[in-house]
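Participant: Take a look at the following structure, please.
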Amino acid sequence: MTTTKPATGLSKKGLSAGSVGLIGAIVIGISCIAPAYTMTAALGPTVSEVGLQVPAIILVGFIPMLLVAFGYRELNRAMPDSGTSFTWATRAFGPWIGWMAGWGLIAATILVLSNLAGIAVDFFYLMLAQIFNNPDLADLALNPFINVVTCLAFMLGATAISYRDMRTTQKVQYVLVGFQLLVLVLFGIVAFIHVANGTAFDATPISLEWFNPFAVESFSAFAAGLSLSIFIFWGWDVTLTMNEETKGSRSTPGRAATLTVIIIVVLYLLIATASISFAGIGTGEFGLGNEDIQGNVFFALAGPVLGPLAILVSIAVLSSSAASLQSTFVSPARTLLAMGHYGALPSNFARVSPRFLTPGYATIVSSVVASAFYAIMRFVSEDVLWDTITALGMMICFYYGITAFAVVWYFRKQFLASARNVFFQLLFPLLGGVILAVLFFTTIIDSMDPDYGSGSNIGGVGLVFILGMGVILSGIVIMIIQAIRRPAFFRGETLSVGVSNGAEDDALDELPV
Amino acid sequence: MRYIVGYTDTPAGADALALGVRLARSMTATLDIVTVLRSEARPTLVPSDAGYERFLHETAQGWLKDAAAVVPRDVPSEGHIVYAESFARGLLDVSRDLEGSMIIVGAARGGLLGRATVGSVASALLHSAVVPVALAPEGSGSTVGLNGLTRITCALGTRAGADELLDAAVLVARAAHIPLRLISLVTLDMDDMTTPPEVAERAATHAEQVLAYAAEHLPNDLDVAVLTASGNRVEDAIKHVDWEPEELVFVGSSRLAKPRHIFLGTTAAKMLRELPVPMVVVPRD
């Protein structure tokens, strides 16, 4: 415990009292990535884009994520702020771009919240069907009304947990993450056993060609696949920014991040190769090319692969979604809070619940928007899960891209100061930013095609395009309204444009390392 | 003497602060207004964020500043932000470190008609503190304000711990120059629907004993009254006693308490449900 008088500010923030060890950091990293949920949501759409080359895309997709994450870490060190991308982009490029970066982050997390809740609903009814041995129960998830109501109930639960800041014990976290990993490995191994025994649905022999990114048919397929694979590593960057609280030597966070990503990549490769070998990429009942199952592949494959043990997959995906719902809720809420704090949004958003110490108002607003968004999408889209994931990839590219460029611009006076800076403040983020920008624009252009993604369209324009553009345009509209009503922020009075002077935040110097 | 006020920017926090001011004034103690933030030691699935932690710290400083503005000038006060796993833990730690003489918290919301209910924080304190814990009932901050104490009531049973309890009550009554009232709770240990004559007799005897004890041990300069509370249940008995809005009730700890620790007994817990005035729970001797 530490005691500080109000006047002395940041001298000790209590971080010294608690720190996360190596295993703890890995557990947080993996639970933020939520591999069981991520794979079931992203595998189908990725297969539809790049076919057999999913393993190659997984390997390549990590590169832009890593490059941007390095830049993210630099900014987090120089200006730790709960607004992250919003604050950093504002400091680097001024209020307008900063506002849009914040908007992009909020939109991306709200998209993923609705997707997460949607996946959870599917698996909830699948689990009921497995428990009661009644396959009809699983079909309840197809009824849009039941689906939306269940989803709203889940969102309500997740909101309450976030608002009240209820937390599971460390032991429970370890068990949940460990269980998730075990089930996924089991799934992979059993799928391969089926392939070996000739009992697979559409046995497809693994070939080296799967790992060759150049074998992808077209650049737009490659770009679409990459933007999806950025989603599958989304959340990994937290292991890098946990610096301040990881106990032990300075190398612990680095090791945690490395080990997390190795575990995740190996796991993804295992699942991807196993699923493709087992089910092929055809359009048959369980084929990964079947549009009906692509939005949620484990939902369809768990039974054929694991038989009576399929319920384990349901539990794993549900628990992974729950954990992810909890960690994901925090990020739009904190960004909204920062935006309220700096006057970019009404000051209500900056309210902290004095009892639970959470950004209460912002949490509730995010939840309401995500719920409304899901409810509307469920009725508009042919395949809500698939379309939200694709649009999500686009939004991640948008705000990560801006953040990456913000790194370069903010550190422009010092990035040549040392060899380390050249890599971490110039080359890595710049390259990452360029890749993300290319992905973003390619996806926008391609998604105008009504056949893009799940084939949902409105008036002959792809739904993903409408979603992406709708999010960005509505952001611009709201930004202009805010600029008229709350001009201080947009005049740079609350958060000024700046450039790094090479000094790290004072607070970080005193942290235990 | 330093009194520790567990403060949050909520009505319950304001209740605690008002009670703290009243007590500190009577006892010429200083106030330490404490807000507890969560330490990172808590297990979490959500990665903590240095920026948010700083924002919280600044917000908490603002809360403490607002709280300090409520405290009158004649009461010296100091604000503290403390990091701990839980609110209760933080208060216990700070009370140990600052050698606090009392911990003051607000009762949880949700009690009916201004009656106190024990929240999780108060409950943790009431079962583990080593100094007296004062509970401000809901809304007392706005109804009673910062008025001085008018009377001390001390609830005595036949159980061990009464001496220590009496001493604590006498101390406050003397310092504040206010009357002391002793309530005999012996009847309340019985769970009968009607009070049999022998029990009534025992109650009377106990009340006499208490008075005799008071006459013998209590200083002469103190205005002491004795009262027997009766009713089928503790709650009924408490309801039928008259309470001044500005008085303060002292109760002892259960026999289950470790020596020099607080443990809220069942009778005290039942009293708490009905008491419209603040209650101080004193540790066992």
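The values are calculated or read from the model by the stated rules, or taken from the named source; none is laboratory data. Here the structure is a predicted model, which is why all the values come from computation and not from measurement. Positions of Cβ are generated from backbone atoms using ideal geometry, with glycine treated the same way; all protein chains shown enter the neighbour counts.
Participant: Conditions first: (1) within 14 Å of chain B (Cβ to nearest Cβ); (2) buried (at least 24 other Cβ atoms within 10 Å of the Cβ). A:ASP165 passes all but one, so which condition is the exception?
Facilitator: Among (1) within 14 Å of chain B (Cβ to nearest Cβ); (2) buried (at least 24 other Cβ atoms within 10 Å of the Cβ), A:ASP165 violates only (2).
Participant: Can you tell which of A:THR335, A:THR328, A:THR358 is among the β-branched types (Val, Ile, Thr) and touching an Asp or Glu at 6+ places or on another chain (Cβ under 8 Å)?
Facilitator: Being among the β-branched types (Val, Ile, Thr) and touching an Asp or Glu at 6+ places or on another chain (Cβ under 8 Å) holds for just one of A:THR335, A:THR328, A:THR358, which is A:THR358.
Participant: How about the stretch A:23-137: which helices (runs of 4 or more DSSP H) wholly inside it have at least 1 residues that are among the polar types (S, T, N, Q) and within 28 Å of A:TYR174 (Cα to Cα)?
Facilitator: Counting at least 1 such residues, we get A:35-50, A:54-78, A:95-131.
Participant: Taking A:ARG412 as meeting all but one of (1) of a type in the set (D, E, K, R); (2) assigned to a helix (DSSP H, G or I); (3) surrounded by fewer than 21 Cβ atoms within 10 Å (Cβ to Cβ), write down the number of the exception.
Facilitator: Only one criterion in (1) of a type in the set (D, E, K, R); (2) assigned to a helix (DSSP H, G or I); (3) surrounded by fewer than 21 Cβ atoms within 10 Å (Cβ to Cβ) is unmet by A:ARG412, namely (2).
Yes/no matrix, rows are residues, columns are (1) crowded, with 17+ Cβ neighbours inside 10 Å; (2) under 15 Å from A:ALA34 (Cα atoms); (3) within 23 Å of the chain's Cα centre (by Cα):
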{"position": "A:GLY254", "(1), (2), (3)": "no, no, yes"}
{"position": "A:THR258", "(1), (2), (3)": "no, no, yes"}
{"position": "A:LEU270", "(1), (2), (3)": "yes, no, yes"}
{"position": "A:ILE276", "(1), (2), (3)": "yes, no, no"}
{"position": "A:ASP292", "(1), (2), (3)": "no, no, no"}
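Participant: Can you go through A:VAL464, A:VAL499, A:VAL471 and tell me which one is hydrophobic (A, V, I, L, M, F, W, C), closer than 28 Å to A:GLN425 by Cα and touching a helix residue (DSSP H, G or I) at 6+ places or on another chain (Cβ under 7 Å)?
Facilitator: One residue alone meets the criteria, A:VAL499.
Participant: Could you grab me the full set of residues in the stretch B:89-113 that are at pLDDT 90 or above and in contact with a helix residue (DSSP H, G or I) (Cβ under 6 Å, 6 or more places away or on another chain)?
Facilitator: B:ILE103, B:ILE104, B:VAL105
Participant: Take the stretch A:324-382 and flag every residue that is away from chain B (no Cβ under 14 Å) and in contact with a strand residue (DSSP E or B) (Cβ under 8 Å, 6 or more places away or on another chain).
Facilitator: Across the stretch A:324-382, the qualifying residue is only A:VAL380.
Participant: Could you tell me which of the residues A:MET166, A:MET155 is within 17 Å of A:SER327 (Cα to Cα), part of a helix (DSSP H, G or I) and out of contact with any Pro (no Cβ under 7 Å at 6 or more places or on another chain)?
Facilitator: A:MET155
Participant: Name the residues in the stretch A:300-325 that are under 16 Å from the mean Cα position of the chain (by Cα) and surrounded by 24 or more Cβ atoms within 10 Å (Cβ to Cβ), would you?
Facilitator: Residues satisfying the conditions are A:VAL317, A:SER320, A:SER321, A:ALA323, A:SER324, A:LEU325.
Participant: Determine whether B:ALA60 is crowded, with 22+ Cβ neighbours inside 10 Å, closer than 20 Å to A:GLY83 by Cα, at pLDDT 90 or above and within 9 Å of another protein chain (Cβ to nearest Cβ).
Facilitator: Yes; evaluated as a whole, the condition is true for this residue.
Participant: Considering only the stretch B:231-256, state which residues are assigned to a loop (DSSP other than H, G, I, E, B) and either outside the structural domain of B:ALA168 (by TED's automatic domain parsing) or of a type in the set (A, V, I, L, M, F, W, C) (or both).
Facilitator: Matches in the stretch B:231-256: B:VAL241, B:TRP243, B:LEU256.
Participant: Right, here's the next one. If you scan the stretch A:331-348, which residues turn out to be surrounded by 24 or more Cβ atoms within 10 Å (Cβ to Cβ) and not in a loop (DSSP other than H, G, I, E, B)?
Facilitator: Listed by number, the residues that qualify are A:SER331, A:PRO332, A:ALA333, A:ARG334, A:THR335, A:LEU336, A:LEU337, A:ALA338, A:MET339, A:HIS341.
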